[in-house]
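One structure is given below, encoded as structure tokens.
Every number here is computed from the coordinates shown, using simple stated rules; none is lab data. Quantities reported herein were computed from a predicted structural model and do not represent experimental measurements. Please note: Cβ atoms are built from the backbone with ideal geometry, for glycine as well, and neighbour counts cover all protein chains shown.
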Amino acid sequence: MKITLNGALREFQAEMSLARLLEALNLDGKPVVVEQNQIALLPKEIATAQVSDGDVIEIIQITAGG
């Protein structure tokens, strides 16, 4: 499966859940904002969303600072 992740083409063995993708990127449990094919997902949607071949995924990690 090939997807565009934060502007870069990435390849994975198979389709997976978005939660599994975050886990593979070491972002599970961290505060993130996710957009899938130009649609912002609610946090509760991340647990059930599926990533498919050709998807465009943008992930922004939320960090505190000042």
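Table for the structure above
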item: Filter result for residue 23 (assigned to a strand (DSSP E or B), within 13 Å of the chain's Cα centre (by Cα) and not hydrophobic (A, V, I, L, M, F, W, C)); result: no
item: Yes/no for residue 14 being surrounded by fewer than 11 Cβ atoms within 10 Å (Cβ to Cβ) and without any contact (Cβ under 8 Å) to a residue 12 or more places away in the chain; result: no
item: Residues of segment 17-66 that turn out to be closer than 17 Å to residue 4 by Cα, touching a residue at least 24 places away in the same chain (Cβ under 8 Å) and small (Gly, Ala, Ser), as a count; result: 5
item: Boolean, residue 55 is touching a Leu at 6+ places or on another chain (Cβ under 6 Å), surrounded by 11 or more Cβ atoms within 10 Å (Cβ to Cβ) and not basic (Lys, Arg); result: no
